[in-house]
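Each remark here refers to the structure printed beneath this line.
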Amino acid sequence: MSRSDGIAELCVIIFVSYFATKDYSGGYIKNIYKSMNKFNYIFSKYIYSFLFVVVLVVVKMAFALILHLLFANEYIYNPLKDSFTIGEYIVNRLIYIGLLTALSSLIIFLSTIAKKSSIVLIFFLAYLMFLSSAFYSVMNIFMKTGVEFANYTVFGNIQRIYNTMGSVADIKKAVICIVSYSIVSIIGSWVVLKKKSY
Amino acid sequence: MKIINLTKRFGVKKVLSDINITIQKGKIYGLVGNNGVGKTTLLRCICGLLKFNSGEIIFDGDGEKTRIGALIETPGLFKDMTAFDNLMLKAKSIGYEHSKQEILELLSFVGLGDIDKKKVGKFSMGMKQRLGIAMALIGNPEVILLDEPTNSLDPQGIMEIRNLILKVNAERGVTIIVSSHALDELSKYATDFLFMKKGKIIKEMKVEELLSQSTNSSIDEYYLSIINE
C-alpha cells in the first residue's frame with residue numbers, strides 16, 4: 001500500500017486555486033454578480049472540484065496499477081500481503097476523495113477572499129511544506145494530553161488515512177472533518193461573496 | 001430610476017457625496033468628469049458591484065427586478081472561449097433563457113455575427129468592447145451602464161461604438177448611461193449630461209443646452225469651464 005506522496009494534494013491546490021480565482025482575476029464576475037444566485041455559484045465550484053478530485057484519484061490508482069503490473073512492486077493493494085480487505089481499501093479511497101474535496105472547499109474559501117491564484121498558491125504551498133508542523137505544535141499546546149491537533153485537520157487526516165487503513169473511530173474523525181470543513185468553507189465563501197465588492 | 005442621496009466612502013475618504021439624479025427611460029446619459037471624480041464608482045454602485053454607505057436607488061416598474069446590464073472598465077471575457085460561448089455562459093449563469101438563435105442574433109446586432117466561432121483572445125480591442133456591450137445586453141436589460149467604452153480605441157473603433165450605442169437605444173429602447181471624460185465625443189449621441197466633480201454631480205444639462213452654450217468655444221473648453229467653476 002503506497003504512502004501519500006503529496007502529488008494529488010499538490011494537483012488539487014494548483015488546479016482548484018486557478019479554477020476558483022479565474023472569474024475574479026479575469027473580471028468575468030462583473031458580468032454575472034448582480035443577477036447570479038451566489039450560493040449556487042459557490043456550490044457549483046465545490047461540485048466541480050469534487051469531480052476533479054474523483055478523476056484525479058482514479059487516474060492515480062490506474063497509474064499505480066500500471067506501475068504494479070510493470071514492476072510488480074507494492075504500489076497497490078495486494079491481498080496476499082496487505083492486512084485489510086478490498087472493501088476497506090475502497091472505503092479508504094472514498095475517504096481520501098472526501099478529504100481532497102474538503103481541501104478544495106478550503107481553497108475555494110481562500111480564493112473568494114484573496115481573488116488571486118498566486119496568493120492562494122503561496123499560502124497553501126507554504127502551509128504544506130513549512131508551516132503545518134509548526135502550526136500543529138502550537139495548537140497541540142491547547143489540546144488534551146494524548147490528543148493531536150493534526151487529527152482535526154484535512155492534511156493530518158490525509159496522512160493518517162494513507163498510512164493506515166484506520167479504525168472505525170479514525171474513519172469517523174475523517175468523515176466529521178470532511179463534512180465540517182466543507183460546510184464551513186462553503187457557507188464562509190457564500191458570506192464573503194455576498195459582502196465583497198467587485 | 002432615481003438615485004437619492006447616494007454616498008460612498010472608502011475608509012474615511014468620501015468618494016461619492018449625496019448623489020441625486022433622475023434617469024428617464026429611453027434616454028442616453030453622458031456621465032462626464034475628469035479621471036478620479038467617481039464616475040466608475042457611481043456606475044458600480046448602480047449595478048450592484050459596490051455597496052454604498054447611504055442613500056437609495058429606486059427603480060421604476062418592477063423595482064429591484066429592473067434589469068441592469070453593465071460594461072465596467074474592461075470587458076470580463078474568457079479568452080479561450082468563442083464569443084458565442086462567452087454569451088451563452090453568461091446567460092446560463094444568470095438563469096436567463098437565451099436560445100442559440102437569440103445569441104447569434106445578438107452577435108449580429110453588435111457586428112460580430114461572422115466571427116462567433118473565433119476565440120476572444122484573438123479579438124481586437126474594438127471587437128472586445130462590442131462583445132462587452134453584447135454581454136451587457138444578455139437578459140434584455142432596461143438600463144445599461146457603459147464605463148468609458150471607447151477608451152483605447154482608434155477613431156474607427158470610436159465611431160463603431162458610438163453607432164452601436166445609438167442602435168441599442170433606438171432599436172431596443174434601452175436607457176444608457178455612458179461615462180467618459182471626452183465630452184466632445186459624447187455630445188454626438190448623448191441626450192443628457194451629468195457633470196461630476198469630486199464625487200458630486202455639479203450640473204445637469206440637455207444636449208441642446210450644451211450645444212447652444214458652447215457655440216463660442218469648443219465643447220472641451222466649455223467642459224473645462226464647468227469643471228473649473
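Numerical summary
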read-out	value
Yes/no for B:ILE68 being facing chain A (nearest Cβ under 9 Å), farther than 23 Å from A:LYS22 by Cα and either touching an Asp or Glu at 6+ places or on another chain (Cβ under 8 Å) or not aromatic (Phe, Trp, Tyr) (or both)	yes
In segment B:9-31, the residues that are touching a residue at least 60 places away in the same chain (Cβ under 8 Å), outside any loop (DSSP other than H, G, I, E, B) and not polar (S, T, N, Q)	B:LYS14, B:VAL15, B:LEU16, B:ASP18, B:ILE19, B:ILE21, B:ILE28, B:TYR29, B:GLY30, B:LEU31
Set A:TYR198, A:TYR89: member being surrounded by 15 or more Cβ atoms within 10 Å (Cβ to Cβ) and outside any helix (DSSP H, G or I)	A:TYR198
Per-region count, segment B:81-105, residues touching a residue at least 12 places away in the same chain (Cβ under 8 Å) and within 14 Å of chain A (Cβ to nearest Cβ)	10
Of residues in segment A:23-76 being within 11 Å of chain B (Cβ to nearest Cβ) and outside any helix (DSSP H, G or I), the one surrounded by the fewest Cβ atoms within 10 Å (Cβ to Cβ)	A:ASN37
Candidate set from segment A:142-178 (those that are among the aliphatic types (A, V, I, L, M) and in contact (Cβ under 8 Å) with a residue 40 or more places away in the chain); member that is surrounded by the fewest Cβ atoms within 10 Å (Cβ to Cβ)	A:VAL175
Unique match (being touching a residue at least 12 places away in the same chain (Cβ under 8 Å) and touching an Asp or Glu at 6+ places or on another chain (Cβ under 8 Å)) among B:GLY126, B:GLY132	B:GLY126
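Here, each number is a calculation from the coordinates, and none is a lab measurement. What you see is a predicted model, and the numbers here were worked out from it, not measured in a lab. All Cβ positions, even for glycine, are placed from backbone atoms using ideal geometry, and neighbour counts span all protein chains on display.
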